[in-house]
Each structure stands twice: as structure tokens, then as C-alpha cells.
Amino acid sequence: MEKDRQQWSSHISFIIATVGSAVGLGNIWRFPYIMGENGGAIFLLTYLLLIGFLCVIPLCCELLIGKIHRTDTVSAFEKINPKFKWFGWLCILTVLLIPCFYFVVGGWIINYIWIFLSNNIPDNFTNYFSSFSSQTWVPCILTLFFLFLTAIFPYKGVNKGIEKANNIMMPMFVIMLFIMALYAISLPGAKEGLTFMFKPDFSQFDKQMILTALGQALFTLSIGMGAVLTYGSYMREDTNIVKSAYTLIICDTLIAITAGVMIFPIVFSFGVTPSAGATLAFISLPEMFAQLPFPTFFGFIFFVLLFFAAITSGISMLETAIASFINQFKMTREKATIITSSIIAIISIPATLSFSILGDFKLLGKTFFDFLDYATSNILLPFNTLLICLIAGWCIKSLWKDNFGETFFGYAFNILLKFIAPIVLIFVLISGI
Ligand code: TRP
């Protein structure tokens, strides 16, 4: 363990920060539309089973590795075995690539907050969104501005920056989410929307849906890139891993479901198809807000809550890379923050330009923005998670026995970790490619 390593000042701060990391655009923007595309309730049921029984395993592993080694991602894998140091760097590469498209969406959010705040609501959001995102400068500057706002907190340190930001923003986020959900269920389409969410349609059940559910579960828990490991490394000695893992899963899932409760009644009130896809948050929803009572107020609240969700996740992405840079290159936190942000800035600029001048530049038939999303979510994320399971299961001696003892949970954990999780992850990986 490093000397003078910072620690969360309380257990609750640790939980809030990890929930802040997990709850992001994945919950509010991705979960509802993926659920819409995959048959609603049956998807939810599959997702709950997968996250509760399977994804909890790599989640516990990352937390355990963080707690045992109490250091950054690269050093932690190096300590397990110097042969695994490259894998630590692969996690850092992943966590550096995600913000390069995630923060572009962050820039859009800032723009939409401004539209609703200044009451400059456009008549047609389809036209508005395509003309806005295809500009060269504005999306680029807003992305960099979002990056700047995010970087302030890790720059200030674990307690003074990250912990404070989460302790303020997460409660506000939850309050806004509940206001929006209550507003949504008072709308005429509420009954239809909630039926869609909670009444399973078994005909939609297929292999592709299971894989989608699993991919979403890994993404939303921020597993497979050292983010959980890094936050776990600041945890207090007396923290219970399994309890923390399930608290995180329950909070994350409840928030994702509440986001659905907020979105589907609105969607059904207007007769839009729930599978409107990625454009749901930036075209369909704002268009509907504009036609509902108090459009400025609810539109504003919706984008501010999206902003809080994105920034608290962004903070943890930056912190994961920063913690490794500090230790590996022996630099100060301030310098590491500036370097991390500069790398992200350089890669995210072509991602913002994917919607304008770089629209014809394709990698594997995808624009640079879509390519980053695809490479991280479909390939690096399951691959890294697979390796974490293999390393934790086969290369750390008696991880399960030391931590869970010879209990039923201990045995179940061991079997899931060594055999079941790797096999499932290999399937996800193959289908993702
Ligand atoms: N979990 C985040 C979300 O749901 C996204 C995410 C993926 C993430 N990987 C991460 C957040 C790493 C922080 C760190 O939106």
C-alpha cells in the first residue's frame, strides 16, 4: 500500500462515488432505448438475472483487487504478476477511449441545457439536432468545455474534489429524477408505458437480447477498465465487498428503472415508437417536452440531470487514468490531470467532427465516433472483463477462500468466476465481433 494514499472519508461517500461512476448516460439514455428495442419487460427480467448473478462476480473481483493492493490499475496488475502489467495499461487505454465519445454527448447536453434555459426552443428537433451536430466548431468547443468541467474535480483530489462533487451532485440528480418520473406518470400515456415496461412479452426472448442485456450490464457497472478497482482502492479497511457490490447493483438498477418510468409514459403519450434509438434523448424527448405543459422547466431539469449523470461518470474515467499516471510516471496529480485531459481532448476532436467534416472517414465501415463506441463497448469491455475473471480466478491464489471462506457463497463465487463467467464472456465477445 502506498504511503499517504487518500481514503474516502466515510463508507457512504464510497458508495455514493461508485454509484456516481456507474450511473451515467448508460442508465438514462442507453438503458431505456435498448429496453425499448428489446421487448421491454422481458429484457428487464433477463437483465436483472444477469446483473445479480453474473456481473456481480467481476465487480467483486475489481473491488477486491483494489482493496487488497490499494493502488492504481496498472500497479495493481503488476503486483499480482509483473507479466500482467500490459493488461493494466489496456484497461487504461479503454478508460481513455470511452470519454472520447462520451464527452461529445456531454457537449450536446450542455447545448440543450442552454436551449431550455434561454427558452430558445426550436420548432423541429430533428432538423435542429442534425444541423447542430454537423457544425464544426460549436460541438467541438462544448466537448472540450465538458472535459474541462469534469477535470476540475480529480485535479482537486479524492476528498476535496471527487468526493465533494459526488456528494453534492448525486443527491440532486436523484431528486430531479424523481420529479421527472412523477411528472411522467401523471401523463395520459402512463398506463401504457408502465405496462410495456413491466409486462413481459416472452416472444422477444432470444440469444441476441441476452447478449445485449449482458453488454449493457457490464457498461453500466463500469466494469472492465479499472474504474471500480481505482475507487475500491480508496475504500476503508472495514468495507464489506459483497454488500457494497450489491448496494451498487441495486442503486444502479433502481435508477435505470426510474429512468424508464420517466421516459416510457412520455413516449407512449405521444405515440412514438419506444425503440426510437439513440436519438430518443436528443430528438424525440425534447420535441415532446416542447408540447407538454411547462416545457422550459421540465426540459431544463431533464438535461441537467443528464449532465450530472454524465459528469460523475466522467470524473471516475479521468481518475482511473490519472491514478495510474501518478504512480507509473511519478508525477503530481495536477500534471497527471492535465496530461490525461490533453490525450482525451486530442482524440475527442475527430469524434465530434464525425458528424460534420469527418463524416466520410470510416473505420470498419463506421464513423470515428461510432467506431470508438463499438471498439470499447463491444470488444475491449468484454475482453477486459474476461481477463479480469481469468486473472482473479486462476492467478490469485485462493482469492475466494481468503475473502469469503468455505461458505456456500464462497463456493458459488469460485465456480462462477473460474468457469461460468469466462464462458459467457467468450460468447459475448464472439458475437460482438
Ligand atoms: N457506467 C457508465 C454509464 O452507465 C459508463 C462507463 C463505462 C463508465 N465505463 C466507465 C463510467 C468507466 C466510469 C468509468 O454511463
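For the pair the range 104-129 / the range 293-340, the C-alpha centres are spaced 21 Å from each other.
Distance distribution note for the range 11-377: the fraction of Cα pairs above 41 angstrom is 9%.
With Cα atoms defining each centre, the range 1-66 and the range 365-393 are spaced 17 Å apart in the structure.
Once the Cα atoms are used to define both axes, helix 207-220 deviates from the longest principal axis of the chain by about 80 degrees.
Between 122, 32, 286, the residue with the greatest mean-square fluctuation in the GNM of the chain (Cα pairs under 10 Å linked by springs) is 122. Averaged over its residues, the range 11-377 has an accessible area of 37 Å² per residue, based on protein heavy atoms and a 1.4 Å probe. Of the whole protein surface, residue 163 contributes about 10 Å² of accessible area at a 1.4 Å probe radius.
Of all accessible surface on the range 11-377 at a 1.4 Å probe, what whole percent is carbon and sulfur?
The C+S portion of the solvent-accessible surface of the range 11-377 is 68 percent.
Computed over the range 11-377, relative contact order equals 39 percent, with contacts defined as Cα pairs under 8 Å that lie 6+ residues apart. Relative to the longest principal axis of the Cα atoms of the chain, the long axis of helix 41-50 makes an angle of roughly 10 degrees. Considering only 197, 235, 331, the mean-square fluctuation computed in a Gaussian network model of the chain, springs between alpha carbons under 10 angstrom, is largest for 331. Can you find, among 197, 169, 88, the residue sitting farthest towards the positive end of the charge dipole of the range 11-377, where Lys and Arg contribute +1 and Asp and Glu -1 at Cβ? Value: 88. Computed per residue of the chain from DSSP H runs no shorter than four, each worth -39500 (n - 2.57), the mean residue ellipticity at 222 nm is -22500 deg cm²/dmol. To the nearest ten degrees, helix 56-69 and the longest principal axis of the Cα atoms of the chain are 50 degrees apart.
Give, in nm to one decimal, the length gained when the segment between residue 246 and residue 131 is fully stretched (0.36 nm per residue of separation minus the Cα-Cα distance).
Between residue 246 and residue 131, full extension yields an extra 37.1 nm.
For the chain, modelled as a Gaussian network with Cα springs under 10 Å, which listed residue fluctuates most, 113, 396, 257? Maximum among the listed residues: 396.
What net charge is computed for the residues neighbouring residue 407, neighbours being all others with C-beta under 15 Å from the C-beta of residue 407, Lys and Arg scored +1, Asp and Glu -1?
With Lys, Arg at +1 and Asp, Glu at -1, the net is 0.
Taking a straight line from the alpha carbon of residue 366, not one of the aspartates and glutamates sits under 16 Å away once near neighbours fewer than eight places off in the same chain are left out.
Net charge near residue 199, counting Lys/Arg +1 and Asp/Glu -1 over other residues with Cβ under 15 Å of its Cβ?
Values: positive: 191; negative: 192, 201.
Computed value for this residue: -1.
Give the shape of the range 22-150 as rounded, prolate or oblate, defined through the alpha-carbon gyration tensor: a ≥ b ≥ c are the square roots of its eigenvalues, a/c under 1.5 means rounded, and otherwise the shape is prolate if a/b is larger than b/c and oblate if not. All intermediate terms of the calculation are to be shown ahead of the outcome.
Details: a/c = 3.11, a/b = 1.54, b/c = 2.02.
It comes out oblate by the Cα gyration axes.
The values are calculated or read from the model by the stated rules, or taken from the named source; none is laboratory data. Note that this is a predicted model, so its numbers are computed, not measured. Please note: Cβ atoms are built from the backbone with ideal geometry, for glycine as well, and neighbour counts cover all protein chains shown. Protein only, heavy atoms only, side chains kept; ligands, DNA and RNA dropped before computing areas. Shrake-Rupley method; radii C 1.70, N 1.55, O 1.52, S 1.80 Å.
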